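Novice: Pasting in a structure now, in structure tokens, and then I'll have a few things to ask.
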Amino acid sequence: MEGCQISPTPLGARDLLLIVDDMELNRAILSEAFREDYQILEAENGLEALSLINQYAPRIAAVLLDVVMPEMDGFQLLEELKGRSLLQQIPVFLITADCSEEKMHRGYELGVMDIIGKPVVPYFVRRRVRSVVELFQAREQLGRTVDLQDRQLARQALEIQELNRSIIESLATAIEFRSGESGQHVRRISALTGQLLRQLREEGCVGCAFSDEIIEQISDAAILHDVGKIAIPDQILNKPGRLTAEEFELMKTHTVKGCQLLEQIPQYRTNPLYLYAHDICRHHHERWDGRGYPDKLAGDEIPLWAHVVALADVYDALTNERCYKPPFSHQEAMEMILGGQCGVFSPALLSAFCRLFDPSAPDVSC
Amino acid sequence: MEFQELCARLSIDYTATLARFSGNEGLFRRFLLRFPSDGTFAKLQAAQAAGDLTGMENSAHTLKGVSANLGLGKLQTACDQLVQAIRRGDGTAVPGLYAQVEQDYREAAELLATAEVR
């Protein structure tokens, strides 16, 4: 083996040519033919060749392979390389005196790129090897470029998604800030919405076979549920006492105003997130019994995602402190919700909600 | 004598064979002059003496390759005929064809061993 004085090379370049033949004369003739284009590795049999390939595979441009050799012959080596999926990366040329149809057939079946008869004519061998090597390297280069672009695209998509979410969160936080809250409320509602949707999907409820991507879109959209409050005057939004009937009517318009605001966003028509957000803004105060607002939708007329956000909103408002009330415990909040003191919800949703916290709770409705 | 003259005496096509060595005459010369010490013919001889037809076929095949690379056309042809005869099971032709290989080999080897090439 004369592959011991191989000098290092810039990463990714295929600068080696492996010549496998038990006859020194044959190796010398092929080495001489390729000396100017490659650093040459030589092996006297398949076993030596295999060890060189194991060591240098990413740098080998091509293998010139004799068939009849001691230790491990050319066909055995091909079997090994095929088993390691190396023949897609490194083109192998059979160099043989026996160009019988049977041998050639076997060679091509095993995946050699070309079969060259002995005695070789260096000029022709160089031409044939070069065109195949160029093809392999162009393909490899293209594959690398596509990989790189795929990764860039995936990263950019993620960045856009992050940016999108941060804009939504900024907007929602600004609105909460006006009513003296921290922004944590919308984040908790978003998280609880995601958990509830996954619970519903797991239970196999009708209409709840959401993909992970859709659940993420709805959870992000949930952040925007109260975006319409930006249009509600401070003295109503932050009024410490009870609202008058007139003030309450005005307060209720935050649902419709939210939709009007979303309609101003250019991506509104194309981004599914905004379509969910639109439903959620408008319908997160509807009630299962049809006595909510603004459209008095009842039962399945209420878009499921809006109904889920409504429940998450109520639960979060109960379990956290407000200027007009202390926080209730989880147990108290559950009793109030199940007792119908805080709106009316779909039985299936309530059932899934209970099991979200207590997996042993009975399934009453799905 | 000159290397080219030696080639002519051995009926080697100098230009075609030099091309096989990619124009490197030093390499061509080194392998041609080393030919008498190549052990392939000795293996063929031993296989013949032992009546080992498979051994003869293998050695004759190898010798054919070496002589083809070195441009020794007569020896290449003789080896090829011997290989063909063994492969088709033509036992009666083998001794005559072997004798031809031996004669062509000795002729080339002796000339190469005694030549004083400049």
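None of the figures in this text is laboratory data; all of them are computed from the coordinates on show. The structure presented is a predicted model; accordingly, all values stated were derived computationally and were not measured. We place every Cβ from the backbone using ideal geometry, glycine too, and count neighbours over all the protein chains shown.
Novice: If you take the square roots of the eigenvalues of the alpha-carbon gyration tensor of segment A:175-283 and sort them as a ≥ b ≥ c, do you get rounded (a/c under 1.5), prolate (a/b over b/c) or oblate? Show your work: numbers first, answer last.
Specialist: On the way: a/c = 2.21, a/b = 1.71, b/c = 1.29.
Prolate, since a/c reaches 1.5 and a/b exceeds b/c.
Novice: Tell me, which longest segment in chain A has none of the GluC sites (Glu not before Pro) that fall in DSSP loops with at most 12 further Cβ atoms within 10 Å? Please list the in-between numbers first.
Specialist: Values: sites that count: A:Glu36, A:Glu321.
Looking at chain A, A:37-320 is the longest stretch - no exposed GluC sites (Glu not before Pro) with at most 12 other Cβ atoms within 10 Å.
Novice: Let me ask you something else. Once amide H atoms are built 1.01 Å from N in the peptide plane, which residues 5 or more positions from A:Cys208, or in another chain, come under 5 Å H to H?
Specialist: Distant-sequence amide H within range of A:Cys208: zero hits.
Novice: Which listed residue (A:Gly74, A:Leu163, B:Ile86) has the Cα farthest towards the positive end of the charge dipole for the protein assembly as shown, taking +1 on Lys and Arg C-beta and -1 on Asp and Glu C-beta about the Cα centre?
Specialist: A:Leu163
Novice: Pairs on different chains or at least eight residues apart, Cα atoms closer than 15 Å: how many lysine pairs in the protein assembly as shown fit?
Specialist: 10
Novice: Using amide H atoms built in the peptide plane, which far-off residues or other-chain residues are under 5 Å from A:Cys99 H to H?
Specialist: Distant-sequence amide H within range of A:Cys99: zero hits.
Novice: Sticking with this one: If I fit a long axis through the Cα atoms of helix B:40-50 and take the longest principal axis of the Cα atoms of chain B, what angle between them do I get, 0 to 90°, rounded to 10?
Specialist: Helix B:40-50 and the main axis of chain B meet at about 20 degrees.
Novice: Follow-up. Tell me which residues come under 5 Å, amide H to amide H, from A:Ile116 once H is placed; ignore anything under 5 positions away on its chain.
Specialist: For A:Ile116, the qualifying residues are A:Leu94, A:Ile95, A:Thr96.
Novice: Compute the distance in nm between two label points, each set 7 Å from the Cα along the Cα-to-Cβ direction, one at B:Thr92 and one at B:Ala19.
Specialist: 4.2
Novice: For Cα pairs less than 8 Å apart in space and 6+ apart in sequence, what is the mean separation divided by the residue count of chain B, i.e. the relative contact order in percent?
Specialist: Details: 110 pairs, mean separation 36.9, N = 118.
Reported as a whole number, the value is 31 percent.
Novice: Could you work out the relative contact order of chain A, using alpha carbon pairs under 8 angstrom and six or more residues apart, expressed as a whole percent?
Specialist: On the way: 486 pairs, mean separation 35.5, N = 366.
With pairs under 8 Å counted, the relative contact order is 10 percent.
Novice: Right, next: Taking springs between alpha-carbon atoms closer than 10 angstrom, which of A:Ala62, A:Ala222, A:Ala174 fluctuates most in the Gaussian network model of chain A?
Specialist: The residue with the greatest mean-square fluctuation here is A:Ala62.
Novice: Determine, for A:Arg126, B:Arg106, A:Arg27, the number of other Cβ atoms within 10 Å of each Cβ, and report the residues in order from fewest to most.
Specialist: Numbers: A:Arg126 17, B:Arg106 12, A:Arg27 20.
The order, fewest Cβ neighbours first, is B:Arg106, A:Arg126, A:Arg27.
Novice: Cut-off is 10 Å between beta-carbons; in what order do A:Trp288, A:Trp305 appear when sorted fewest neighbours first? Working shown, then result.
Specialist: On the way: A:Trp288 22, A:Trp305 26.
Going from sparsest to densest Cβ surroundings: A:Trp288, A:Trp305.
Novice: If you don't mind, there's one more thing I want to ask. Taking 0.36 nm per intervening residue step and subtracting the Cα-Cα distance, what contour gain separates A:Ala231 from A:Leu142 on full extension? Could you put the intermediate results ahead of the total?
Specialist: Working: separation 89, 0.36 × 89 = 32.04 nm, distance 5.38 nm.
Roughly 26.7 nm would be gained on extension.
Novice: In addition: Given a Förster radius of 45 Å and the C-beta distance between A:Glu202 and A:Asn164 as r, what FRET efficiency does 1/(1 + (r/R0)^6) yield to the nearest 0.05? Mind showing how you got there, number by number?
Specialist: Working: r = 27 Å, r/R0 = 0.60.
In this case the efficiency is close to 0.95.
Novice: If you don't mind, there's one more thing I want to ask. For segment A:188-337, what is the relative contact order in percent, using Cα pairs closer than 8 Å and at least 6 residues apart in sequence? Could you put the intermediate results ahead of the total?
Specialist: Working: 193 pairs, mean separation 32.0, N = 150.
Computed value for segment A:188-337: 21 percent relative contact order.
Novice: With a 10 Å Cβ neighbour count serving as the proxy for reagent exposure, in which order, fewest first, do A:Val309, A:Val227, A:Val121 appear?
Specialist: On the way: A:Val309 32, A:Val227 23, A:Val121 15.
By the 10 Å Cβ count, ascending, the order reads A:Val121, A:Val227, A:Val309.
Novice: By the scheme Lys and Arg +1, Asp and Glu -1, what is the net charge of all other residues having a beta-carbon under 13 Å from that of A:Tyr108?
Specialist: Values: positive: A:Lys82, A:Lys103, A:Arg106; negative: A:Glu101, A:Glu102, A:Glu109, A:Asp114.
Around A:Tyr108, the charge tally is -1.
Novice: Shifting gears a bit: Please report the antiparallel percentage of the DSSP beta bridges confined to the protein assembly as shown, to the nearest 5.
Specialist: Details: 1 of 20 bridges.
Percent antiparallel among DSSP bridges in the protein assembly as shown is about 5.
Novice: Could you give the DSSP H helices of chain A that reach 18 angstrom or more along their long axis (alpha carbon positions) and whose average Kyte-Doolittle hydropathy is no lower than 1.6? Can you show the working numbers first?
Specialist: Values: long enough: A:122-178 (83 Å, -0.38); A:184-202 (27 Å, -0.60); A:304-319 (23 Å, 1.13).
Membrane-span-like by this rule: not one helix.
Novice: Around A:Val125, under 14 Å between beta carbons, what's the net of Lys plus Arg minus Asp minus Glu among the other residues? List each step's numbers first, then the result.
Specialist: Numbers: positive: A:Arg27, A:Arg35, A:Lys118, A:Arg126, A:Arg127, A:Arg128, A:Arg130, B:Arg20; negative: A:Asp21, A:Glu32, A:Glu36, A:Asp37, A:Asp66, A:Asp114.
Taking every other residue near A:Val125 into account, the sum is +2.
Novice: So, R0 is 56 Å and r is the distance between the beta-carbons of B:Glu107 and A:Leu153; what FRET efficiency does that work out to, to 0.05? Please report the intermediate quantities before stating the final value.
Specialist: On the way: r = 72 Å, r/R0 = 1.28.
The pair B:Glu107/A:Leu153 has a calculated efficiency of 0.20.
Novice: Do the sum for chain A: with -39,500 (n - 2.57) for every DSSP H run of n ≥ 4, divided by all residues, what is the mean residue ellipticity at 222 nm, to the nearest 500 deg cm²/dmol? Could you put the intermediate results ahead of the total?
Specialist: Values: 14 runs with 199 residues, N = 366.
Helices in chain A give a 222 nm mean residue ellipticity of -17500 deg cm²/dmol.
Novice: Explain nothing, just the number: dipole magnitude of segment A:171-264 about its Cα centre with +1 on each Lys and Arg Cβ and -1 on each Asp and Glu Cβ, in debye rounded to the nearest 20.
Specialist: Details: 10 positive and 14 negative charges, 57 e Å.
It comes to approximately 280 debye.
Novice: Could I ask something else about it? Compute the signed sum of charges (Lys and Arg +1, Asp and Glu -1) over the other residues within less than 14 Å, Cβ to Cβ, of B:Gln81. Before the final figure, lay out each step's value.
Specialist: Numbers: positive: B:Lys64, B:Lys74, B:Arg87, B:Arg88; negative: B:Glu57, B:Asp80, B:Asp90, B:Glu102, B:Asp104.
Net charge around B:Gln81: -1.
Novice: Oh, and also: Averaged across A:90-99, how many Cβ atoms of other chains sit within 10 Å of each residue's Cβ atom? Working shown, then result.
Specialist: Numbers: counts 0, 0, 0, 0, 0, 0, 1, 7, 1, 0.
If you average over the peptide's residues, the count of other-chain Cβ atoms is 1.
Novice: Follow-up question, since we're still on this one. Suppose every Lys and Arg Cβ carries +1 and every Asp and Glu Cβ carries -1, with no other charges. What dipole size does segment B:3-114 come out with about its Cα centre, to the nearest 20 debye?
Specialist: I would put it at about 220 debye.
Novice: Select from A:Arg287, A:Arg242, A:Arg178 the residue whose mean-square fluctuation is largest in a Gaussian network model of chain A (Cα-Cα springs shorter than 10 Å).
Specialist: A:Arg242
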